[in-house]
Every structure is written in structure tokens, then in C-alpha cells.
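J.: Input: one structure, supplied below.
The values are calculated or read from the model by the stated rules, or taken from the named source; none is laboratory data. Because the structure is a prediction, the values reported are computed rather than measured. Here the Cβ is made from the backbone with ideal geometry for all residues, glycine too, and neighbour counts use every protein chain on show. For the accessible areas, the whole protein counts, side chains as well, though only heavy atoms, and no ligand, DNA or RNA atoms are used. Shrake-Rupley method; radii C 1.70, N 1.55, O 1.52, S 1.80 Å.
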Amino acid sequence: MPEFPNSSSAVPTDRSRDRSPDLSPDSLPPVSRSPWGRFLGLKLALGLLLAVVLRLDFWAYESQDFALFLQPWYEFIQENGRFFALQEDFFNYNPSYIYLLVLWSYLFPQFSALTVVKSIGVVLDLVGAYWVLRWVGASGVSGVSGTEGAIDRGGWRWGAIAAVTLLLTPTVVLNGSYWGQCDMGYTVAVLAGLYGLGQGAPRWGLVGLTLGLALKLQAVFTFPVLGVLLLQGKGLRWRDLWVMPVTYGVTLVPAAIAGHPWGDLLTVYWRQFNTYDRLTLNAPSLYQWLPQADYGTFTRLGLILAGAATLGLIWQVVCRYDRLSAVQLLQVALGFNLLLPWLLPKMHDRYLFSADILALTLAFVRPRFAAVAVATIGISLGSYAPYLLGREVVSLKGLAIVLGIVVIEVWWDLLKRGKIPDQA
């Protein structure tokens, strides 16, 4: 599989130059001089062991979501012919995740519902670690070591460190192994899609992003990057977009074959959108300050605001960059995955999950984003508390303020490094 070009070769003009420090191999000190380079294998093994221990410690916990939704779904699958249970309207997800439950029912029929849900989460975490490894390793850059920010040679070494770090990230551990959620599924697809777009395989990139959408609607937070690439006219063509409806349609075929009505399959996200009539469900968004009594008005205004901000930022990126390098593409994706959950109404506590993973990946590729990654994961973790602990550990309004600062920092960093061409 081809690797990412270095940023210097991928960005041919000043308008798209990434002015980060020189991270070429010749500029990096030997591995042996870095503290990370000593006993790296042992450190990674201990990190993996800790990741396993944490997941085993959380294994027996049954969340309310599991008790109300996932357990009944899996039991229904077992009691109604496994695959053929898909003909019934017993789930409110897109069927892609339900396919995993069906598959596990065939592969591991002796597993309890809890073990099925948690083991799927572990598998998705491992796949996520693989894609973070690919991103960091193939980018040919590395992370931070020591107080002076020394850079170690060898992207693949840092890719391994990034992968283990992902498995130890608090929101990752809590999301799958404690809460029993599957947000890593769509995030993995988003990472794979961005990887394909970044390495010059646009159709495979579109397949990845569409598979993310087929798993969770939150994958649309990344879709504005497609608008940037299409308007730049480089790396993605309008005629490639046929891949998306075809891929999405294919994900619905198994459920349709089982007998599930196409109308229900095609409208699942519309029904999800209308399920909750609250402006925020523990999300650190602007709506922490807005009255719930004005739900209808602020929902419409919020959608307009988010749409206008998205279009404006797409235009700014297109004006300032002739072409995005793979790393810049990752930063644009992070920017939208932070911005949209902050501006949109009806956001949930877990909707920053993909931003957590993108920020972590970007921090290992560009060390200057380490603080952004820590802040993003901290905000996301604080948002989990009201549901998992029944109380706010940190004020959600305070978290919303910090998230706004992070949004501004990510976009300011991107736009200031681009350059609007002189007007004639």
C-alpha cells in the first residue's frame, strides 16, 4: 500500500505549506538518544497489559443503555433465527452494528449478551489502534520526547506508541469496555476513509467515510472535508461520488434480504433525529446556556448557524490552500469534528468521540497539537460523567467554554498557515 508523501512534497505552493518544524529523517536524533527508544518493547508490552487489565476490570458493568437496548436486541436475535431476526423492527440503529451482533451469535453462541457487546468493543478498539498506527507510521513523522520536545526518528515506532496510547485513552476504555457503546466503529471507518483520501485513493476513501455513516450518523461531522477537496479540484472528483450511495445501499442489502422494509432502512436516521426533543443531552455545546422551552426555534437556528459556519470554513480553506497534505486533511477533519458538536443542537455526551481519536492521531503526527488532544479528551471525559456517575464532575458550561477555545485554536492554526493569494 503506498505511503503518505512528506508534507513538503505534497504541498507544492506557499499557499498550502505547513510551517511546522523540520521533521525529515536527517533532522532527527538517533533512536538510542531518546528516552522512548530505550526498552520500547517492554514499555509497549506493559501498556498493552494495562489496557487489558482495565477492560477486564470494567467487564461486568452493565450500563442502562445495555440493559434497555443492547441486551434485548441480542436476545431477540438469538430467539428469532439470528439472521432472519433482521426482518423485524426491534432496533433503532442502522443495521450495520446489528450485523456484528448477528455475526457474534453465529461465531460465539455460548457468549452472554454482555460478553458479546464488550468483545465487539474490544475488537473495534484493536482495529482503531491499527489505523492510528498506520496514520502515524506512514506519515513519516514522530512524537514528542522529554521536556524540550525532542523528536525521535522512525514514524513506525511512534505509530506503535500512538496505538497503545489509544488503547489506554480514558474515553476509549470507557466507551466500549465500560459503557458498551460502539463509537469506535464509525471512527475507525472515518480514519480509514481519511487515510484513503490522504494517500490518493479517493474512491476507497469515500467507501470508508460511507461505512462510517452506515454505522453512526456522527460520521457526517467529517464529511465537510469532501467539500474542500471537491472545490479544490485535486484528489477528488465529482464523478467519484457515485461510490457513496452504492456503498451505503450495499450495507442495507442483508437486512432487506432478511425481509426488513426498505422504507424503514432508509429513514432510520430521520427517526433518530426526532427521538429526543432536547437541545443538548450532556453535550458541552452552546446550548448549555439556552432555555429548553425554545427547543423548536433554537434547533432551526442552530442548524442554520452550523451550516453557515461549515460553508464559510470550507471556503476559507479552499481560498488559502491549493492542495491539502494528508496531515492538513486530518486537521481539517478534526476541526469539523470539534466545531459541529459545539454548534449543533441535540448533541449527546459521546459525540466528541471521533474528535478524541483524530486529536490523538494528529498530536502524534504534529506534536504542537498535544495540548489540543489532552483538552479534547478531557472535555469528552467530563461529558461522560453525568450519565455514568449521575452528576457533573466538571461544569458542562465550563467544558463548553474550553471546547470553544479548542475549536478556535485548531482553526486559527490551520488558517494562519494558509495564505490568501493577492487579489488582482
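J.: Taking the range 277-296 as the region of interest, how many residues are open to solvent by 70 Å² or more (accessible area, probe 1.4 Å) and in a helix (DSSP H, G or I)?
T.: 3
J.: Take the conditions more than 24 Å from residue 400 (Cβ to Cβ), part of a helix (DSSP H, G or I), within 17 Å of the chain's Cα centre (by Cα) and at pLDDT 95 or above and apply them to residue 339. Does it pass?
T.: no
J.: Hey, can you tell me all the residues within the range 217-228 that are assigned to a helix (DSSP H, G or I) and either of a type in the set (A, V, I, L, M, F, W, C) or surrounded by fewer than 23 Cβ atoms within 10 Å (Cβ to Cβ) (or both)?
T.: Of everything in the range 217-228, those that are assigned to a helix (DSSP H, G or I) and either of a type in the set (A, V, I, L, M, F, W, C) or surrounded by fewer than 23 Cβ atoms within 10 Å (Cβ to Cβ) (or both) turn out to be 217, 219, 220, 221, 224, 225, 226, 227, 228.
J.: So residue 245 passes all but one of these: (1) within 20 Å of residue 100 (Cβ to Cβ); (2) surrounded by fewer than 18 Cβ atoms within 10 Å (Cβ to Cβ). Which condition number does it fail?
T.: (1)
J.: Residue under question is residue 271, and the condition is that it be open to solvent by 10 Å² or more (accessible area, probe 1.4 Å), in contact (Cβ under 8 Å) with a residue 24 or more places away in the chain, over 28 Å from residue 395 (Cα atoms) and in contact with a Gly (Cβ under 7 Å, 6 or more places away or on another chain); does it hold?
T.: Judged against the criteria, residue 271 is not a match.
J.: Of the residues 332, 246, only one is more than 24 Å from residue 399 (Cβ to Cβ) and at pLDDT 95 or above; which?
T.: None of the other options fit; the residue is 246.
J.: Okay, next question. Restricting to helices (runs of 4 or more DSSP H) lying wholly in the range 11-126: which have 2 or more residues that are over 27 Å from the mean Cα position of the chain (by Cα) and at pLDDT below 95?
T.: 40-58
J.: Which condition does residue 359 not pass, out of (1) touching a Ser or Thr at 6+ places or on another chain (Cβ under 7 Å); (2) at pLDDT 95 or above; (3) of a type outside the set (Lys, Arg); (4) open to solvent by 10 Å² or more (accessible area, probe 1.4 Å), if it passes all the others?
T.: Condition (4) is where residue 359 drops out.
J.: Can you work out which of the residues in the range 301-325 that are more than 21 Å from the chain's Cα centre (by Cα), within 16 Å of residue 344 (Cα to Cα) and open to solvent by less than 40 Å² (accessible area, probe 1.4 Å) is modelled with the lowest pLDDT?
T.: Result: 302.
J.: Kindly check whether there is at least one residue in the range 296-317 that is in contact (Cβ under 8 Å) with a residue 12 or more places away in the chain, within 30 Å of residue 84 (Cα to Cα) and either touching a Ser or Thr at 6+ places or on another chain (Cβ under 7 Å) or of a type in the set (A, V, I, L, M, F, W, C) (or both).
T.: no
J.: Just checking, how many residues over the range 229-242 are buried (at least 17 other Cβ atoms within 10 Å of the Cβ) and either of a type in the set (Asp, Glu) or outside any helix (DSSP H, G or I) (or both)?
T.: Result for the range 229-242: 2.
J.: Which residue pairs have Cβ atoms under 9 Å apart, sit 6 or more places apart or on different chains, and have a first residue in the range 375-390 that is modelled with pLDDT under 95 and a second that is among the hydroxyl-bearing types (Ser, Thr, Tyr) and open to solvent by 30 Å² or more (accessible area, probe 1.4 Å)?
T.: Qualifying pairs under 9 Å: 388/178.
J.: Tell me which of these residue 325 doesn't satisfy, since it passes every other one: (1) in contact with a Pro (Cβ under 8 Å, 6 or more places away or on another chain); (2) under 18 Å from residue 286 (Cα atoms).
T.: That leaves (2) as the condition not met.
J.: If you don't mind, another one. Between residues in the range 192-216 that are surrounded by fewer than 24 Cβ atoms within 10 Å (Cβ to Cβ) and residues that are among the basic types (Lys, Arg) and outside any helix (DSSP H, G or I), which pairs lie under 8 Å by C-beta distance while being six or more apart or on different chains?
T.: Pairs found: 202/237.
J.: Just checking, how many residues over the range 387-404 are farther than 15 Å from residue 342 by Cα and within 22 Å of the chain's Cα centre (by Cα)?
T.: Matching residues across the range 387-404 total 2.
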